[in-house]
Amino acid sequence: MSGLRSCRELRELELYENCVCCIEGLDGLVKLATLDLSYNRIQRMEGLGAAGLPSLRELYLANNRISAIEGLEGLDRLEVLELGSNQLRRIANLRHLGALRELHLGRNDIDLIGEGLAGLASLRTLGLASNRLRSLQGVEAAVGLRELYADHNMIDDTAPILGLSQLHTVELSANRLRSIQVAPLSLLEELWLSDNPIDDAAALADVAVLPRLKTLYLSGCPFALTADYRASVLGLAPSTLVQLDADSLR
């Protein structure tokens, strides 16, 4: 990338779906707020912090060849980070991004959250779909989280999310959940559990005490194939429920 140094008033730069191999030539773009380099050939995130981008708020690097989160020093105002469909194995080097509100890491090779979310007090949306996670341990660090998308993993326990009292959307379809613990999540409105090995109503007992639940998906679970499935769910679900799988209840 070249010829941008004179564009000091530039606020948005989209180089989506090109053949960009490295991040360079961004020096001096002090007003740049949105940078989209998705669908390129970038292997490393180096060049961002050193460029001096004090106004950058949204960074999109989906569908590249990035294997490590790095080079984000100095991007203290960053609010949205999209790194889906790369080659990441770990969540790291994000602690200083205190303003980050959205973190999208779907379709990578991440098998552990660990301490990767520590320090992200402003995080509201977290995308971890289609990784290799066996546990959500570590997600509890994102205390202000409101939306969690972790479908298509190998998760078998919801205990780590029980302290996330601000959650209103949880997507855990296509995991290994046999029962659900969600009772403390009083603000939960959407719960997606399709294609899990849930085989009876007892596994869903916590759903009954969710005072704001509006949407519940269980299609593809063994329980959803039973003759009394619909009646059983409606019998335990709160009166606020308006959507069960693809069916509207109102």
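Every number here is computed from the coordinates shown, using simple stated rules; none is lab data. Note that the coordinates shown come from a computational prediction; the quantities given were computed from them, not determined experimentally. All Cβ positions, glycine included, derive from the backbone under ideal geometry; neighbour counts span all protein chains shown.
General remarks:
- For the stretch 60-184, relative contact order (Cα pairs under 8 Å, six or more residues apart, normalised by length) works out to 17 percent.
- The stretch 174-219 and the stretch 101-115: distance between their alpha carbon centers, rounded to Å: 23
- Projecting the Cα atoms of LEU218, VAL20, VAL170 onto the charge dipole of the chain, computed from C-beta unit charges around the Cα centre, puts VAL20 farthest toward the positive end.
- Relative contact order, percent, the stretch 123-223 [alpha-carbon distance under 8 Å, six or more residues apart]: 22
- The fewest-to-most ranking of ASP151, ASP111 by surrounding Cβ atoms within 10 Å reads ASP111, ASP151.
- Ordering THR158, THR226 from the fewest to the most neighbouring beta carbons within 10 Å gives THR226, THR158.
- Taking other C-beta atoms within 10 Å as the exposure proxy, ASP228, ASP36 rank ASP228, ASP36 from fewest upward.
- The translational diffusion coefficient of the chain, from Stokes-Einstein at 25 °C and 0.890 mPa s with a Kirkwood hydrodynamic radius over alpha carbon pairs, comes to 127 µm²/s.
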